[in-house]
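Working notes, beginning with the structure itself.
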Amino acid sequence: CFRDYFVHKFRAMLGKNRVIFPGEKVLLAVSGGPASSAMVRQVQEGLSREAAKRLRFVPGLLYVEEGAVRRQSPEQREQTLAQMETLLQATGFPYHLIHLEQALELAPSILQPGPERAGTPGPSYKEAVDSFIQQQRQDGDSGTSLPAHSAQDTPAGPPATPPRLPDAAQTQELLRSFEAAGTATAREELLEMLRTHLIVQAARDRGYTKVMTGESLTRVAVKLLTNLSLGRGAFLAVDTGFTDRRHGDVMVVRPMRDYTAKEIAFYNRFFSIPTVIVPPLFTKRREKPSIHQLVERFLLGLQEEFPSTISTVYRYGGPWGGAGGVGGSGGTHNPHFGCRTGEKLSPEPAKASSESQRCLLCLCGLDTDGGEWGGHWG
């Protein structure tokens, strides 16, 4: 019963939003943690021949190795890489392993949204599904939704030697960048930014148009309050919604955002989903915790006494992104109060009117308009 509920929720999330078309290449960003591992298992089961309603996209896996900024020794990093490669190979999907140090080699173009598809509008979702089914019938459905691996993909096979670690000079340069960040909060933001840029660039280089990430409902709730604490309330729709279109040619989707961390933990335990746990981001001696850590402790502490805390924060995220909410365009009335997070939040405040009004780090519009409060300062 629990398994059917878990599977149905995943399929319903994808089916309701209809942003992933049949035959489309989708890159699954895997961290080895509980949520992303459960996401991979859902995709595996959805593509199997026994599935009642099979998924029809073409998956690939990506793991970003971050051992340098997590204070792992070279031996520990190689061990983690070997464990992850074993897990990725077991899925049967093509996979890619990259290091966080590679973010230092990215071209400046990563700081701009990619060109969106030009030309005539594509077919509707229903037309795409009908065309895909008809094509499969003509070709004689072989029972698999996966095409041959491209030359850029690493196909599943016997365990091989893990990829070589980056040069020590690259690792030291990366560590200097993180040590230059004055606070733990700044390092958390820097890590997330570099990771996102790497994932998006990897998707572009390998022809993937969608990226799936494993943020759970718990993680989304923490992100909501963290964004508000950091003054990013205007960008809640793109930072926590089901879809994130800020990168232009690559869309990020979050299919696990309706699952609590507890549900994911039970699912992984009941069905023996393997995970790989890595240490947290390093902190300096006598340094205060990051805002991300404080918000997480606060919410999880409340959750122990009031079990509906996380779901309530998630559910009532609606007022913080629409008109009149935090980061909105003024006014106090919000007709979407109580709506599910990301379904009624408007992404408009995150859009930049021009390149000069775009943040180079997060690619969102600069939130310089004070709205109704602007006239009260200065």
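Just so it is clear, none of the values below were taken in a lab; they were calculated from the coordinates. Everything numeric in this text was worked out from a predicted model, so none of it was measured. Every residue, glycine among them, receives a Cβ derived from its backbone with ideal geometry; neighbour counts consider all protein chains shown.
Look at the range 83-97: where a residue is touching a residue at least 60 places away in the same chain (Cβ under 8 Å) and a partner is assigned to a helix (DSSP H, G or I) and of a type in the set (Lys, Arg), sitting 6+ places away or on another chain with Cβ atoms under 9 Å, you get Thr91/Arg41.
For Ser36, the test of being within 19 Å of Phe266 (Cβ to Cβ) and buried (at least 18 other Cβ atoms within 10 Å of the Cβ) is passed. Within the range 243-278, the residues that satisfy the criterion of being over 30 Å from Cys359 (Cα atoms) and either in contact with a Leu (Cβ under 7 Å, 6 or more places away or on another chain) or in a loop (DSSP other than H, G, I, E, B) (or both) are Tyr259, Thr260, Phe271, Ser272, Ile273, Pro274, Thr275, Val276, Ile277, Val278.
When the range 47-78 is filtered for residues that are in contact with a Ser or Thr (Cβ under 7 Å, 6 or more places away or on another chain) and in a helix (DSSP H, G or I), the ones remaining, listed by number, are Leu47, Gly67, Ala68.
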